[in-house]
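One structure is given here, and the rest of the page talks about it.
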Amino acid sequence: MANDDSGGGRFSDKLQVPEALTFDDVLLRPKESHVEPDEADLASRVSKHVELPVPVLSAAMDTVTEDEMAIAMARHGGLGVIHRNLDVDEVAAHVERVKRADELIIRDVVTATPDQTVLEVDEMMDAEGVNGAPVVDEDGTVLGIISGTDIRPYLEVGEQDSVREAMTEEVITARKDVTAREALELMYEHKIERVPIVDEGDQLIGLVTMQGILQRREYDNAARDEDGRLIAGAAVGPFELDRAIRADEAGADVLFIDCAHAHNRNVVDSAREIAEAVDADVVVGNIGTSEAAEALVDFADGLKVGIGPGSICTTRVVSGAGMPQITAVSQVADVAAEHDVPVIADGGIRYSGDAIKAIAAGADAVMLGSYFAGTDEAPGRVVTMQGKKYKQYRGMGSVGAMQSGDAQRYLKEEDEDEEYVPEGVEAATPYKGSLRSELHQLVGGMQSGMGYVGAATISEFKERSEFVRVSAAGQTESHAHDVLITDEAPNYKPDGS
Ligand code: XMP
């Protein structure tokens, strides 16, 4: 009776049950180490063709990840997965904004025409928040460039003079394969702050600015594609081929089939179809067993694990089904490793220690919802209750989230009376400030775990790490105990909130 498909047998045999463990049941066994935590390299794959400097993903939830979160995650080396409670067009727009955010070459260039007046251009640049604009004719051919310095009053340029009279005609341009270093050298050499990018016919393609280059330098650990653009992820429903195609066309690097139970024949077939139709990598989830992994490894670029571990999930109590997360991850990882398919542990991670335990259990990356929902970059506003600040955080299977989208994730039909059977709750989570500091704590803690095990890289860590089983008394000992905490630590709350 132990396997899915077996029939017959005695009911009482069902009680000869295997044990399944989760985060608090285990600890990493410390080992001799020559690795200082700061030196531990977290780089890891999230899917077959996408590697991240920081293997951490923000969840595809409407209170966690839209463009702002996705941009911030990628700038700090991780990946944001844009949720699917948005129209297909909106998702495409969010993905495009992520891909464009730190592009070396700005494609949406504010331009001026030679016959505009200086006043008009000045007002336009003010409104667009730019300090200069290439001047182009009707064909987009670059004729000159005009900047704030060209139109300062002391240059005796009249407000009603034409741009043609005020612009600099000798424009330094570059081709689209210019590197950041080359563009910067041109700027220093010619004492300019922007270089129009043109094609063979001198037609404008884009613009590189000094400000843009300096901003990119701030994020030297960003997750970028081969063209230097930020990596973007988007969730699609298991039967949403159209959404998958739009997100793919918009430039998403990884698509996530978003389903509470991906080991469902219809979901597997549809996910396979989606994977065949798009260029992006396709991660399929969620699953929690080795049999589910077997059903997906031949076409999935990644597998996502988590049946009911999430902080806002009620799947296990509503349906009676689920798999404690450490065991689920290890079962899936056993199969995935044989096929070189990366695994993502999704849900239930409260502390950095949980995240690195998930990797020891076989995951290549981790996905978190509640951990990030209280940050500035998550959608939604800060509310104050009894003097404390919070942000809303709700399960995608909660009544509110299903009303704002659909119930496809839970393989339910649209409910016209909106009498949903929810598998999640609507909640509030403490406001935490910027994503940067939250991620810093998470990454620092994960590196500490690698230091205790003596592993300099994720693959070394996965090989070297061993677990010990923790008793209930051991769990109590693990937490701060027998004291009254007077100053909150930035990475620890007794209840994990
Ligand atoms: P954490 O623990 O990080 O979990 O907040 C986030 C993950 O939880 C999943 N999720 C849900 N699971 N009912 C569920 O059973 C829900 O309403 C729900 N909403 C999100 C999802 O995998 C997410 O990444």
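The values are calculated or read from the model by the stated rules, or taken from the named source; none is laboratory data. Predicted, not measured: the structure shown is a model, and the values here were computed from it. Note that each Cβ is placed from the backbone with ideal geometry, even for glycine, and that neighbours are counted across all protein chains shown. Heads up: the accessible areas ignore ligands, DNA and RNA and are worked out on the full protein's heavy atoms, side chains in. Shrake-Rupley method; radii C 1.70, N 1.55, O 1.52, S 1.80 Å.
If only one of 407, 401, 480, 456 is in contact with a strand residue (DSSP E or B) (Cβ under 9 Å, 6 or more places away or on another chain) and within 16 Å of the ligand (Cβ to nearest atom), which one is it?
Being in contact with a strand residue (DSSP E or B) (Cβ under 9 Å, 6 or more places away or on another chain) and within 16 Å of the ligand (Cβ to nearest atom) holds for just one of 407, 401, 480, 456, which is 401.
Could you tell me whether any residue of the stretch 146-169 is within 14 Å of residue 206 (Cα to Cα) and open to solvent by less than 90 Å² (accessible area, probe 1.4 Å)? Spell out how you get there, then give the answer.
Filtering the stretch 146-169 for residues within 14 Å of residue 206 (Cα to Cα) gives none.
No, the conditions are met nowhere in the stretch 146-169.
Which one of these does residue 476 not meet: (1) touching a residue at least 24 places away in the same chain (Cβ under 8 Å); (2) open to solvent by 40 Å² or more (accessible area, probe 1.4 Å); (3) not assigned by TED's automatic domain parsing to the domain that holds residue 368?
Tallying (1) touching a residue at least 24 places away in the same chain (Cβ under 8 Å); (2) open to solvent by 40 Å² or more (accessible area, probe 1.4 Å); (3) not assigned by TED's automatic domain parsing to the domain that holds residue 368, residue 476 fails exactly one: (1).
Which pairs do you get when a residue that is more than 17 Å from residue 168 (Cβ to Cβ), found in the stretch 120-140, comes within reach of a residue that is of a type in the set (Val, Ile, Thr) and in a loop (DSSP other than H, G, I, E, B), reach meaning Cβ atoms under 6 angstrom, with the pair 6+ apart or on two chains?
Listed by first residue and then by second, the contacts come to 128/110.
State all residues of the stretch 444-478 that are among the charged types (D, E, K, R) and part of a helix (DSSP H, G or I); if no residue qualifies, say none.
If the condition is that a residue be among the charged types (D, E, K, R) and part of a helix (DSSP H, G or I), then 460, 462, 463, 464, 477 are the ones that fit.
Which of the residues belonging to the stretch 51-95 are open to solvent by 10 Å² or more (accessible area, probe 1.4 Å), under 27 Å from residue 425 (Cα atoms) and among the small types (Gly, Ala, Ser)?
Correct list: 60, 72.
Taking the stretch 238-250, which residues are surrounded by fewer than 21 Cβ atoms within 10 Å (Cβ to Cβ) and in a loop (DSSP other than H, G, I, E, B)?
Answer for the stretch 238-250, where residues must be surrounded by fewer than 21 Cβ atoms within 10 Å (Cβ to Cβ) and in a loop (DSSP other than H, G, I, E, B): just 239.
Residue-by-condition table, conditions (1) more than 20 Å from residue 25 (Cα to Cα); (2) touching a Lys or Arg at 6+ places or on another chain (Cβ under 9 Å):
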| site | (1), (2) |
| --- | --- |
| 300 | yes, yes |
| 306 | no, no |
| 311 | no, yes |
| 318 | yes, no |
| 335 | yes, no |
| 347 | no, no |
| 350 | no, yes |
| 360 | no, yes |
| 370 | yes, yes |
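Of all residues in the stretch 195-225, which are of a type in the set (Ser, Thr, Tyr) and either over 24 Å from residue 113 (Cβ atoms) or assigned to a helix (DSSP H, G or I) (or both)? Let's see the steps before the verdict.
Narrowing the stretch 195-225 to residues of a type in the set (Ser, Thr, Tyr): 209, 219.
219 - this is the single residue of the stretch 195-225 that is of a type in the set (Ser, Thr, Tyr) and either over 24 Å from residue 113 (Cβ atoms) or assigned to a helix (DSSP H, G or I) (or both).
So which of 330, 311 is out of contact with any His (no Cβ under 8 Å at 6 or more places or on another chain), of a type in the set (S, T, N, Q) and within 16 Å of the ligand (Cβ to nearest atom)?
Just one listed residue meets the conditions, 311.
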